[in-house]
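Following: one structure in structure tokens, then a few remarks.
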There are 4 protein chains.
Amino acid sequence: MGEFELLINELIKFRNDRNWEQFHNSKDLALAISIEAAELNELFLWKSAEDAEKVDKTKLKEELADVFAFSLLLAAKHGFDVKQIVLDKIRKNNEKYPVDKSKGNAKKYNEL
Amino acid sequence: MGEFELLINELIKFRNDRNWEQFHNSKDLALAISIEAAELNELFLWKSAEDAEKVDKTKLKEELADVFAFSLLLAAKHGFDVKQIVLDKIRKNNEKYPVDKSKGNAKKYNEL
Amino acid sequence: MGEFELLINELIKFRNDRNWEQFHNSKDLALAISIEAAELNELFLWKSAEDAEKVDKTKLKEELADVFAFSLLLAAKHGFDVKQIVLDKIRKNNEKYPVDKSKGNAKKYNEL
Amino acid sequence: MGEFELLINELIKFRNDRNWEQFHNSKDLALAISIEAAELNELFLWKSAEDAEKVDKTKLKEELADVFAFSLLLAAKHGFDVKQIVLDKIRKNNEKYPVDKSKGNAKKYNEL
């Protein structure tokens, strides 16, 4: 079994044990991703980029795991193959951000 | 090779081809996750939960893929085993949200 | 004294009493707005739009006040006249969203 | 007329001209604040705190104005007096963050 399938199975088991499927519509799952992402960002707030690297690893793992968990549940809800959608997006970004134009600068594709 | 390793390799190749590693500190990667999560949420804005399910699947795949991409890059930066951190978090949530107390309600663990 | 000026004075006094100006660069103030906005959203998570209206008003006031507080501090940092920038944006949106095209639909201006 | 009342009147006129009140439930207004906050943050993404200060002022004004606009609409929906809720929150924070304990450090109140 692939890693994504294994995690999705565990997450769905956790959810179904609690009858939480009723809450997991796409809109609220996306909102949950956003809220977890904010909790992740809070670990870095008011810190310089350098000091931010000294973040507590245990907390970082937990907040990042929460982002993955809700992202996996949203992907599973729509039957997406996570590996495939990420590979497809990398391919698309390869076109949006040609190496010769974007090398060494962080401009958005519409500013290149 | 596991799915996470494969994706991380592709993402790092994409990044290194553009010399973007210099921008990818933990604080900005977390911020990027948050911004991509907001773009994902924008697909559902002003829509009822029901109408939200009729979202354009192509856009949903792309926005969700962006969340995964930056989350994977942040995990890779810290050498996290994504499968393991998600499994660990599920285990921890099993303790925070005991089935008998949380079944059928969406209360936060500190309100149970 | 106008309401914005009064609030900004109070917020800056609170900040300066704690020597927190050193942390209040524009990037972190914007991040703080985003984190407070997520805490505001958490009040509504897993709730239908109808149930969301029954939110605890005390919590809603506090989370919304936090969004205003950091937004005012960011505006003050750049010397913006809050009344003016909001009026300017309404004027701009009047052009982006002509009444005859946008009446009764929530489409984004680039989809009109 | 106070500045908040004036802005709220203008925002509600803009909204009612377009029949958008139907979309402006509290949950979606909060989500809109969050999305606008992310657009604000995008102006600073991949930039050092120092470079972030050189941000395009016109864009900064517009994104910040959007955060204010939806925050004002949410406040108005619940009949909140914005000046009062911000002053109340400053008073509360004065207790959470006593000057002698929080001077010069950015720790969260529960870590003081």
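Taken across segment D:83-91, residues that are surrounded by 19 or more Cβ atoms within 10 Å (Cβ to Cβ), facing chain C (nearest Cβ under 7 Å) and not in a helix (DSSP H, G or I) do not occur at all. Just one residue in the set B:67, B:55 is at negative phi, free of Cβ contacts under 8 Å to residues at least 40 places away in the same chain, facing another protein chain (nearest Cβ under 7 Å) and not in a helix (DSSP H, G or I); that residue is B:55. Output the number of residues of segment C:89-105 satisfying the condition of being among the charged types (D, E, K, R) and farther than 17 Å from residue D:11 by Cβ. Residues that pass the stated criteria total 2.
When each of A:9, A:19 is tested for being open to solvent by 70 Å² or more (accessible area, probe 1.4 Å) and assigned to a loop (DSSP other than H, G, I, E, B), the lone residue that passes is A:19. Among the residues of segment B:32-51, the one identified as open to solvent by less than 10 Å² (accessible area, probe 1.4 Å) and in a loop (DSSP other than H, G, I, E, B) is B:44. Scanning segment C:16-31 for residues that are farther than 25 Å from residue D:36 by Cα and more than 9 Å from every other protein chain (Cβ to nearest Cβ) yields a total of 1.
Given the criterion within 16 Å of residue B:92 (Cα to Cα) and surrounded by fewer than 18 Cβ atoms within 10 Å (Cβ to Cβ), identify the matching residue among A:59, A:54, A:77.
Working: A:54 fails: within 16 Å of residue B:92 (Cα to Cα); A:77 fails: within 16 Å of residue B:92 (Cα to Cα).
Going through A:59, A:54, A:77 in turn, just one is within 16 Å of residue B:92 (Cα to Cα) and surrounded by fewer than 18 Cβ atoms within 10 Å (Cβ to Cβ): A:59.
Please find, among A:109, A:97, the residue that is within 25 Å of residue B:61 (Cβ to Cβ) and either open to solvent by less than 30 Å² (accessible area, probe 1.4 Å) or in contact with a Leu (Cβ under 9 Å, 6 or more places away or on another chain) (or both).
Exactly one of A:109, A:97 is within 25 Å of residue B:61 (Cβ to Cβ) and either open to solvent by less than 30 Å² (accessible area, probe 1.4 Å) or in contact with a Leu (Cβ under 9 Å, 6 or more places away or on another chain) (or both), namely A:97.
The values are calculated or read from the model by the stated rules, or taken from the named source; none is laboratory data. All values derive from a computational prediction rather than experimental measurement. Neighbour counts are summed over all protein chains in view; Cβ atoms, including those assigned to glycine, are modelled from backbone coordinates with ideal geometry. Just so you know, the surface numbers come from the protein's heavy atoms only, side chains and all, with ligands and any DNA or RNA stripped out. Shrake-Rupley method; radii C 1.70, N 1.55, O 1.52, S 1.80 Å.
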